[in-house]
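Colleague: Pasting a structure here, questions to come.
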Amino acid sequence: MSHWQYVDDSFFVIKILFKAQKQTKRQALILKETQKEICKLETKLTLQTEQDHPQIVGILNTPTLNQLFSIKRNQEPNEINKLLGNEARFELMSADENHPAVLFIGHYEQNKWIKLRTKKLLDFLAMRFSEKNSYKEKNSKINANVTFTLEEYAAILGKTHPSSTSTKKDVRRILKEALVTINSYSIETYEKRNAEVRYFSKMPISQDYSVDNGVYTVIFSDKFAEFLNTSYIMQFPLLLFSLDERGSNAYSIGRKLALHQSIKNNRKKRTSHIISVKSLLNVAPEIPSIDDVRKNNGSWSKRIEEPLTDALDKLVGQVNCKSKKVGIELLEYWEFCNSKGTSISNEQLADINYYIFSELYVKFSVKGID
């Protein structure tokens, strides 16, 4: 082979490699742009799905159940009865000033924390029960059976691929834990029915549950079904179900805001879009009391103010370019204010402390609730 032929061949190979490299770069650029367009489309579809989905539904609810959602994570039971399989007793507020409502949790050492997955399933079961029964209709037979599929529950949790094997495995695990926990709950309470305070003796929430080929059946106890069906209907935002397990404060606060805005009496008094900071702190299970913060020499702003603000921010969240939800789009807006809705003054901000903060209010609006 001559020297010039070797040069020509080398040049030819370099030329091919250069073209290949150029083509690879072009393909990478095309791929990147394609991914961007897919990302935009997925985001658009996600938002469209949320808009098309009925965001607000009426579900049966009771004052005692509301308090169950507000039990603090580190709250100790009032009593543990070892003779009844370590059954814990949590005393709650009731309509009778002289008698508390009570949440009983059986096998307390196994079911200590009321996790967000348990709260979600309770609301979901109440929703399904509400769909099948006529609210307060006299002489109507109550259907205490609630059925749903694994995929249905995965979809309402906001899972992107509810039919995938990995999603089913994850949701199956969540349901198993939540069902066992709910099956250990019983309630005893005093609540108003038709302007009268009625006593509801100890009643298990769930009588039994079963799973057959991906179909779940939960049977409410007869007493609990009657208790629930004679209470009241709240407007419930379905988007709450899609909060992840780190959104326990946001779930309870979002639920409280939806309930507050949907109460007719609040609308009559024109207070349906304003609520006290104290009310929100009381329902947030992961926010400690000021006494607990001080016992540990903690900062009230880091332990109380910031978690409350973070929870409210999660309720006005958005979808990013990767179609990943950062919170949920439940609220149109929220802001701190004074009792009449007036803006906070510079003097208040300059001298802010826990007591000033706890006397503030929050202005807000839940989407979809008049």
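Colleague: How many residues, within the range 94-143, are closer than 16 Å to I205 by Cβ, outside any strand (DSSP E or B) and not polar (S, T, N, Q)?
Modeller: So the count comes out to 18.
Colleague: Would it be correct to say that N346 is over 26 Å from S262 (Cα atoms), out of contact with any Asp or Glu (no Cβ under 6 Å at 6 or more places or on another chain) and modelled with pLDDT of 90 or more?
Modeller: no
Colleague: Of all residues in the range 149-165, count the ones that are over 19 Å from the mean Cα position of the chain (by Cα) and at pLDDT 95 or above.
Modeller: Count: 1.
Colleague: Here is a follow-up. Among the residues of the range 340-369 satisfying the criterion of being charged (D, E, K, R) and free of Cβ contacts under 8 Å to residues at least 40 places away in the same chain, which is nearest to R255 (Cα to Cα)?
Modeller: Applying the filter and picking the extreme gives K340.
Colleague: Now a separate question. Which is under 25 Å from E188 (Cβ atoms) and either among the β-branched types (V, I, T) or loosely packed, with under 15 Cβ neighbours inside 10 Å (or both), of T217, T230, T309?
Modeller: Of the residues listed, the single one that is under 25 Å from E188 (Cβ atoms) and either among the β-branched types (V, I, T) or loosely packed, with under 15 Cβ neighbours inside 10 Å (or both) is T230.
Colleague: Just give me the residues in the range 128-149 being aliphatic (A, V, I, L, M) and surrounded by fewer than 20 Cβ atoms within 10 Å (Cβ to Cβ), in sequence order.
Modeller: Across the range 128-149, the qualifying residue is only I142.
Colleague: I need the full set of residues from the range 346-365 which are more than 30 Å from L238 (Cβ to Cβ) and either exposed (fewer than 10 other Cβ atoms within 10 Å of the Cβ) or aromatic (F, W, Y) (or both), in order please.
Modeller: Result: N346, E347, A350, D351, N353, Y354, Y355, F357.
Colleague: Hey, S262 hits all of (1) hydroxyl-bearing (S, T, Y); (2) more than 25 Å from Q67 (Cα to Cα); (3) surrounded by 13 or more Cβ atoms within 10 Å (Cβ to Cβ) but one; which does it fall short on?
Modeller: Single failed check for S262: (2).
Colleague: Quick one: count up the residues across the range 99-115 that are polar (S, T, N, Q) and either at pLDDT 90 or above or crowded, with 17+ Cβ neighbours inside 10 Å (or both).
Modeller: Of the residues in the range 99-115, 1 are polar (S, T, N, Q) and either at pLDDT 90 or above or crowded, with 17+ Cβ neighbours inside 10 Å (or both).
Colleague: Taking the range 344-362 as the search range and keeping residues that are under 29 Å from the mean Cα position of the chain (by Cα) and of a type in the set (V, I, T), which one is farthest from L280 (Cα to Cα)?
Modeller: Result: I356.
Colleague: Name the strands (runs of 3 or more DSSP E) wholly inside the range 222-320 in which the number of residues that are in the same structural domain as S94 (by TED's automatic domain parsing), within 18 Å of L122 (Cβ to Cβ) and in contact with a helix residue (DSSP H, G or I) (Cβ under 9 Å, 6 or more places away or on another chain) is 2 or more.
Modeller: By residue number, 232-237.
Colleague: Further question on the same structure: Does any residue of the range 327-339 turn out to be over 21 Å from R255 (Cα atoms), assigned by TED's automatic domain parsing to the domain that holds I287 and out of contact with any strand residue (DSSP E or B) (no Cβ under 8 Å at 6 or more places or on another chain)?
Modeller: No: the range 327-339 contains no residue that is over 21 Å from R255 (Cα atoms), assigned by TED's automatic domain parsing to the domain that holds I287 and out of contact with any strand residue (DSSP E or B) (no Cβ under 8 Å at 6 or more places or on another chain).
Colleague: May I pose another question? Select from the range 145-183 the residues that are β-branched (V, I, T) and free of Cβ contacts under 8 Å to residues at least 12 places away in the same chain and list them in ascending order.
Modeller: T165
A quick yes/no check of all residues on (1) surrounded by fewer than 18 Cβ atoms within 10 Å (Cβ to Cβ); (2) aliphatic (A, V, I, L, M); (3) under 18 Å from H99 (Cβ atoms); (4) touching a Lys or Arg at 6+ places or on another chain (Cβ under 9 Å):
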residue	(1), (2), (3), (4)
A154	no, yes, no, yes
G158	no, no, no, yes
S163	yes, no, no, no
K169	yes, no, no, no
R173	yes, no, no, no
K176	yes, no, no, no
E188	no, no, yes, yes
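Colleague: In the range 77-91, which residue that is surrounded by 14 or more Cβ atoms within 10 Å (Cβ to Cβ) and part of a loop (DSSP other than H, G, I, E, B) is farthest from the chain's Cα centre (by Cα)?
Modeller: This residue is N86.
The values are calculated or read from the model by the stated rules, or taken from the named source; none is laboratory data. Since this is a predicted model, take the numbers as computed values, not measurements. Cβ sites come from the backbone with ideal geometry, for glycine too, and all protein chains shown count toward neighbours.
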